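Here is the structure we will look at.
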Amino acid sequence: MNVIETRISAAARLDRLPIFSFHRWILALLSFCFFFELGDINTFAPAAPAIRIQWGISINTISLITSATFFGMFVGATTGGWFSDRVGRKRGLIIATFWFSFFSLLNALAWEPVGLFVARMLTGIGLSAMTAIGITYIAEMFPANRRGTFQGWVMFFGLCGIPVTALVARFVIPAAPWGWRLVFVWGALGIIFPLLARTLEESPRWFERRGQFAAADEVLDRIESQALAQGLGLPPPHPVTVQPREGRFGELFEPFVLPRTVMLVIAWIFQTLGFYGFSAWVPTLLVERGFTLVDSLTWVTAMQLFGLPGALITALISDRWQRKWWITILAVIIACCGLAYGLTFEALTIVIFGGLMTMFIQSFAPMLYAYTAECFPTEVRSTGTGFTYGVGRLSNAFGPFVIAYLFATYGYQSVFVYIAACWMTVALIISLMGPRTKGKTL
């Protein structure tokens, strides 16, 4: 039986905190997770051309292995969100990070396509579980007026994993016929996260919604003691009535939440198709267009460097205006850059338009991460975030076959018309159905 209690809520106590060392430690730990999560997602794309050459496999087989990752990501996001709503954000984050790191090592040991397919699928489960839980944790631990900013900073440091991984691939893959295996070893280094996460606090909002008021207050008292010890003042919070309640998966489809669930499912599906249609296929498509493997990896590395200022832009502007409008504008800009990229064949313009597309995609991603978590109540926040994000990832189990079909049937440029259409769909659905969330207490 749930007990209704009038108390100073976890949300009120967290939202009144100034930004201090506690938040910066969370930023460092989550950045570490996202660095290797985003790096690991992008290990197969640069490795694929070398695997295809060494094993003599077709583009369709590459598509199938790519799809395995995204099927695993669907399973991981939907179950990982549900899991963290049951066992806690901290425990879920540690387990998910260890999971994807361990199975990334198995990618390096694969000796034929079936084994790599299974390894990529299992890796994908941990990758998306970590993302869904991490997004939720950031939304719950940072003050309402700064959560978008810090989601941007986490993504800025996390996104460093993509160009660093591309750079690692650029040097290790050409070094030996088995050099691509070292890329997956690199992606597994996140396995040390559990050793770093011992001082990470559980979300007091999660404790509170489960009726564990003493545990929530214990965490909040430790956080506030750190702030006071650093000479920071805390404005008085206001007591509110709190009724602990465990969420149900079915709540995602109840009248108040259903429109948001539908809106975010559609947005994540087309964002995923547009994003990975570009990033996962650029190395292979460039090789098919006649570029050498080394040149292809070099151009991709150059493009990925543009992602860093993209996430930095988000950290600076995310909390200054309604996120739904930033998301809409950025999706339209990405669509235009995608079309321009598909129409050019010179190395310099490929890098420029590909780089601009990468930059705006990485401005877009942390905003959609923050926005997704904001749209759901605490009881089902991680479940809702994981479900919508996971359905998006599931869509890309079929996306690679669409890319392969378009490329084989209509040519290189048709792929980028398709990618642009995906991004315009995202802009339309968010602008028409997205709620306003800026600065609202979760």
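The values are calculated or read from the model by the stated rules, or taken from the named source; none is laboratory data. Quantities reported herein were computed from a predicted structural model and do not represent experimental measurements. Ideal geometry is used to build each Cβ from the backbone, glycine not excepted, and the neighbour counts take in all protein chains shown. Heavy atoms of the whole protein, side chains included, go into the accessibility calculation; ligands, DNA and RNA do not. Shrake-Rupley method; radii C 1.70, N 1.55, O 1.52, S 1.80 Å.
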*Is it fair to say residue 130 is among the hydrophobic types (A, V, I, L, M, F, W, C), under 18 Å from the mean Cα position of the chain (by Cα), at pLDDT 85 or above and surrounded by 15 or more Cβ atoms within 10 Å (Cβ to Cβ)?*
yes
_Going by what's in this entry, would residue 159 be described as touching a residue at least 40 places away in the same chain (Cβ under 8 Å), surrounded by fewer than 23 Cβ atoms within 10 Å (Cβ to Cβ) and of a type outside the set (Gly, Ala, Ser)?_
no
*Answer yes if at least one residue in region 415-437 is surrounded by fewer than 17 Cβ atoms within 10 Å (Cβ to Cβ), hydroxyl-bearing (Ser, Thr, Tyr), modelled with pLDDT of 80 or more and under 23 Å from residue 320 (Cα atoms), and no otherwise.*
yes
_For region 293-306: of the residues being buried (at least 22 other Cβ atoms within 10 Å of the Cβ) and of a type in the set (A, V, I, L, M, F, W, C), which is farthest from the chain's Cα centre (by Cα)?_
297
_Qualifying positions in region 105-150 - in contact with a Pro (Cβ under 9 Å, 6 or more places away or on another chain) and not in a helix (DSSP H, G or I)_ = 143
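Only residues that are surrounded by fewer than 24 Cβ atoms within 10 Å (Cβ to Cβ) and more than 20 Å from residue 392 (Cβ to Cβ): list them for region 83-98, please.
Result: 86, 87, 88, 90, 91, 94, 95, 98.
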_Any residue at all in region 51-61 that's open to solvent by less than 20 Å² (accessible area, probe 1.4 Å), outside any strand (DSSP E or B) and more than 18 Å from residue 151 (Cβ to Cβ)?_
yes
*Sort through 48, 11 and tell me the only one that's of a type in the set (A, V, I, L, M, F, W, C) and open to solvent by less than 10 Å² (accessible area, probe 1.4 Å).*
48
*Among the numbered conditions (1) open to solvent by 40 Å² or more (accessible area, probe 1.4 Å); (2) of a type outside the set (Val, Ile, Thr); (3) without any contact (Cβ under 8 Å) to a residue 40 or more places away in the chain, tell me where residue 110 comes up short.*
(1)
*Which residues, counting only those in region 376-393, are surrounded by 23 or more Cβ atoms within 10 Å (Cβ to Cβ) and of a type in the set (A, V, I, L, M, F, W, C)?*
376, 380, 387
*When region 199-215 is examined, which residues are found to be assigned to a helix (DSSP H, G or I), closer than 14 Å to residue 380 by Cβ and either at pLDDT 90 or above or open to solvent by 30 Å² or more (accessible area, probe 1.4 Å) (or both)?*
209
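Taking the residues in region 307-350 that are β-branched (Val, Ile, Thr) and modelled with pLDDT of 85 or more as candidates, determine which candidate is most open to solvent (accessible area, probe 1.4 Å). Outline the logic, then answer.
Keep residues of region 307-350 that are β-branched (Val, Ile, Thr), which gives 313-314, 317, 327-329, 332-334, 344, 349-350.
Subsequent filtering for residues that are modelled with pLDDT of 85 or more retains 327-329, 332-334.
Details: 327: 1, 328: 20, 329: 73, 332: 54, 333: 58, 334: 0 Å².
Among them, the one singled out is 329.
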_Checking residue 104 against (1) closer than 22 Å to residue 174 by Cβ; (2) over 18 Å from the mean Cα position of the chain (by Cα); (3) modelled with pLDDT of 85 or more, the condition it does not meet_ = (2)
*asked:* Can you list residue pairs whose Cβ atoms sit under 7 Å apart, with the first residue in region 34-50 being touching a residue at least 24 places away in the same chain (Cβ under 8 Å) and within 17 Å of residue 369 (Cα to Cα) and the second being open to solvent by 10 Å² or more (accessible area, probe 1.4 Å) and aromatic (Phe, Trp, Tyr)? Count only pairs 6 or more apart in sequence or on different chains.
replied: 35/157
_Residue that is nearest to residue 296 (Cα to Cα) [pool: residues in region 174-188 that are small (Gly, Ala, Ser) and in contact (Cβ under 8 Å) with a residue 60 or more places away in the chain]_ = 179
*asked:* So, in region 355-373, how many residues would count as being more than 20 Å from residue 425 (Cα to Cα) and surrounded by 24 or more Cβ atoms within 10 Å (Cβ to Cβ)?
replied: 1
